[in-house]
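Working notes, beginning with the structure itself.
The values are calculated or read from the model by the stated rules, or taken from the named source; none is laboratory data. Since the structure is predicted, the reported quantities are computational estimates derived from the model, not experimental observations. The accessibility values were calculated without ligands, DNA or RNA, using every heavy atom of the protein model including side chains. Shrake-Rupley method; radii C 1.70, N 1.55, O 1.52, S 1.80 Å.
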Amino acid sequence: MSDTSLIGTPFHGKLRASSTQLLILGVIMLLLGVVALVFPMISTLVATLLAGWTLLFAGVLTFIGAFSIHGTGPFFGAMLTGLISFAAGVFLVFNPLHGAIALTLLLGVIFLFQGAFEIVFAFEARPHPGWQWMLVSGVASIVMAAFVAAGWPAISLVLLGILLGINFITTGMGYIFISRAAKAAG
């Protein structure tokens, strides 16, 4: 059974009108995802460099922006944040291999905390329908954290590229299916 309540709405019209562009974007994302999976080390380094340049520029902008803030605490807080972001960016840009190792460790820690939070949240939400899916997500995050911990640091040179590839593939498939459904519902 499909929900046709959006057919004929302005959103659906715009979606249908842009279905070709969504299809092209989906195919490009899908191909980039396959390339990222085929060359995970290169993808990891590209992701590390992208994160590094982003942090570097954000650090500079935050540092400069600190001078427009009134108050000693907020001024020094913004200045410190800018300097730390800049330093992290410089580290990632000029040491991408070590940066990938650091980012992978950070990702593992994030997975661990996210999983713990989601498991607690699932048990808090237990009487409500769907709480099991949050529990599954939490357990999956903990398993991913254990996977990162078991393979770290050796896995660091490919993990980010693999995750990036999987994300691009699933995003690309989503765009492709949405574009085809919008065109078919036309």
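Some observations on this one:
- The chain - percent of accessible surface contributed by carbon and sulfur, probe 1.4 Å: 79
- A 1.4 Å probe run over the protein chains yields, for the stretch 116-184, 62 Å² of accessible area per residue, whole-number rounding.
- Ordered by 1.4 Å accessible area with all protein chains kept, 44, 62, 81 run largest first as 81, 62, 44.
- Value of D in µm² per second that Stokes-Einstein yields for the chain, Kirkwood Rh from Cα pairs, at 37 °C (0.692 mPa s): 167
- Screening the chain for whole DSSP H helices of 27 Å or more along their axis (Cα) with average Kyte-Doolittle hydropathy at least -0.5 returns 19-38, 40-66, 72-94, 96-124, 131-151, 156-185.
- Global form of the stretch 44-122, assessed from the alpha-carbon gyration tensor, a/c cut-off 1.5: oblate
- Relative contact order of the chain, pairs being alpha-carbon contacts under 8 Å that are 6 or more residues apart, as %: 39
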